[in-house]
Amino acid sequence: MGELIVCRPKMLPISQWAGAAKAAVKINPVNRAAVEHLTMVMPGFDPTPERIAALTTKYWHTNGVTLTVGFLDNPPADLRTRILKHMNAWNKTAK
């Protein structure tokens, strides 16, 4: 068996959460956080932009999206080819 390769999701810096949450709601209004419900069950809840962003869901819209891949560490060409091959195979069933 070859070398184990691990993909790690990256998180946005907290300073970008509010903007990402606004974009998520613009893409799909279902993503809007129901903050008014939280304020009813948590007296004193302070809905800061960061807290609202943490509660915002991140669903895509229902008519599909185009996903791209980028390589941050410039892996060898054969590894990039394998990754792209798997992504394209996944694309056939993910529609």
Residue count, the range 38-67 (criterion: farther than 21 Å from Pro13 by Cα and not aromatic (Phe, Trp, Tyr)): 14
Does the range 75-87 hold any residues that are at pLDDT 85 or above and either within 27 Å of Pro13 (Cβ to Cβ) or of a type in the set (D, E, K, R) (or both), and which are they? Pro75, Asp78, Arg80, Arg82, Ile83, Lys85
Going through the range 72-87 one residue at a time, which ones are loosely packed, with under 11 Cβ neighbours inside 10 Å and under 18 Å from the mean Cα position of the chain (by Cα)? Leu72
Among the numbered criteria (1) farther than 18 Å from Ile14 by Cα; (2) in contact (Cβ under 8 Å) with a residue 24 or more places away in the chain; (3) out of contact with any helix residue (DSSP H, G or I) (no Cβ under 6 Å at 6 or more places or on another chain), which single criterion is violated by Leu72? (2)
Top-ranked residue of the range 1-17 - restricted to ones that are of a type in the set (A, V, I, L, M, F, W, C) and assigned to a loop (DSSP other than H, G, I, E, B), ranked as modelled with the highest pLDDT: Leu12
Filtering the range 60-90 down to residues that are aliphatic (A, V, I, L, M) and part of a loop (DSSP other than H, G, I, E, B), which residue is farthest from Glu3 (Cα to Cα)? Val65
Unmet requirement for Trp90, which otherwise passes all of (1) surrounded by 10 or more Cβ atoms within 10 Å (Cβ to Cβ); (2) modelled with pLDDT of 85 or more; (3) of a type outside the set (Asp, Glu): (2)
What are the pairs with Cβ atoms under 6 angstrom where one residue, in the range 1-12, is closer than 15 Å to Arg80 by Cβ and among the charged types (D, E, K, R) and the other, located anywhere, is open to solvent by 100 Å² or more (accessible area, probe 1.4 Å) and at pLDDT 75 or above? Sequence gap at least six, or different chains. none
Name every residue in the range 18-55 that is assigned to a helix (DSSP H, G or I), open to solvent by less than 80 Å² (accessible area, probe 1.4 Å) and either small (Gly, Ala, Ser) or closer than 24 Å to Thr66 by Cα (or both), in order of residue number. Ala18, Gly19, Ala20, Ala21, Ala23, Ala24, Val25, Ile27, Asn31, Ala53, Ala54
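The values are calculated or read from the model by the stated rules, or taken from the named source; none is laboratory data. Please read all numbers here as calculations on a predicted model, not as lab measurements. Note: ideal-geometry Cβ built from the backbone for every residue, glycine included; neighbour counts use all protein chains shown. Remember, those area values only see protein heavy atoms, side chains included, never the ligands or the DNA or RNA. Shrake-Rupley method; radii C 1.70, N 1.55, O 1.52, S 1.80 Å.
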